[in-house]
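Visitor: Take this structure, written in structure tokens, and hold onto it; I'll ask about it next.
Read-outs throughout are calculated quantities, based only on the coordinates presented, and are distinct from any laboratory measurement. On a predicted model such as this, the values are computed, not experimentally measured, just so you know. Using ideal geometry, Cβ is built from the backbone for each residue, glycine included, and neighbour counts are taken over all protein chains shown.
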Amino acid sequence: MGQQPVWYTDHDIRRPAAHKWLKNALKLDRKPTISIGVRRKPDAGERQRIELVAMTTARSFFQDRGYRVSDVSKQALGWDIEARQSSSPPLLVEVKGLSDSFGNIELTPNEFGAMNRKKSRFVLFVASDIRRSSESPHLSIFRWRDSFWTEIRTKRHLVIRRRVGANCSL
């Protein structure tokens, strides 16, 4: 028989040292934490204001570039805006607004599904640093390029972490 990459600490005379090492390596003495990917603004009015600023910014961005813009956010298509130029198919724009700098955003299953099904026409438009001041938000605009969701100006790739979750209540 060959060597096996298995070590049973209960049969080893160094067991206390091994347990201490494992405890430190795995942080077994720490209480479990819950990680929430997106910090939500507790104030519903503030969230609504941020969303309105982001939508207005996105509409202006595309209109300034010669697109005809339609708000389809109430139709639950997986995107918020359709931006059309001449007879070409519309861009499907999902708009996200953040009060702080760009960190994490959350896509609903519907949005994420549309993003993956309609890659060639889908645009993820993120307006961040939306504050009460009159400064314009910072824009990050992602398109599907060379097998990655790429920010159109910086060429940085969007990191996507798939999650499956549930919200349960009694």
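Visitor: Report the charge-dipole magnitude of segment 118-170 in Debye, nearest 20, computed about the Cα centre from +1 at each Lys and Arg Cβ and -1 at each Asp and Glu Cβ. Please list the in-between numbers first.
Guide: On the way: 13 positive and 4 negative charges, 51 e Å.
Charge dipole, segment 118-170, about its Cα centre: 240 debye, nearest 20.
Visitor: Sticking with this one: Compute the length gained on full extension between residue 154 and residue 52: take 0.36 nm times their separation in residues and subtract their Cα-Cα distance, giving the result in nm to one decimal.
Guide: On the way: separation 102, 0.36 × 102 = 36.72 nm, distance 2.56 nm.
Between residue 154 and residue 52, full extension yields 34.2 nm more.
Visitor: Treating cross-link reach as a plain straight distance, find the aspartates and glutamates whose alpha-carbon is under 20 Å from the alpha-carbon of residue 118, omitting any fewer than eight places away in the same chain.
Guide: Once the sequence-local aspartates and glutamates are set aside, what remains near residue 118 is 71, 80, 82, 94, 106, 146, 151.
Visitor: Charges on Cβ only, +1 for Lys and Arg, -1 for Asp and Glu, centred on the Cα centroid of segment 44-95; of 73, 61, 87, which one is farthest towards the dipole's positive end?
Guide: 87
Visitor: Sort the following peptides by mean Cβ neighbour count (other Cβ atoms within 10 Å, averaged over residues), highest first: 146-157, 44-55, 90-101.
Guide: Details: 146-157: 12.7, 44-55: 15.2, 90-101: 19.7.
In decreasing order of mean packing, 146-157, 44-55, 90-101 become 90-101, 44-55, 146-157.
Visitor: Another question, if that's okay. 7 Å from Cα along Cα→Cβ at both residue 64 and residue 131: what's the point-to-point distance in nm?
Guide: 2.0 nm
Visitor: Given 0.36 nm per residue, what is the gain on full extension from residue 170 to residue 44 after removing their alpha carbon distance, in nm? Could you put the intermediate results ahead of the total?
Guide: On the way: separation 126, 0.36 × 126 = 45.36 nm, distance 2.34 nm.
Gain on extension, residue 170 to residue 44, equals 43.0 nm.
Visitor: Around residue 163, what is the net charge, scoring Lys/Arg as +1 and Asp/Glu as -1 over all other residues with Cβ under 14 Å from its Cβ? Please report the intermediate quantities before stating the final value.
Guide: Numbers: positive: 161, 162; negative: 106, 111.
Overall, the nearby charge balance is 0.
Visitor: If you stretched the chain out fully between residue 161 and residue 106, how much longer would it get, using 0.36 nm times the residue separation minus the C-alpha to C-alpha distance? Can you show the working numbers first?
Guide: Working: separation 55, 0.36 × 55 = 19.80 nm, distance 0.99 nm.
Separation in residues times 0.36 nm, less the Cα-Cα distance, equals 18.8 nm.
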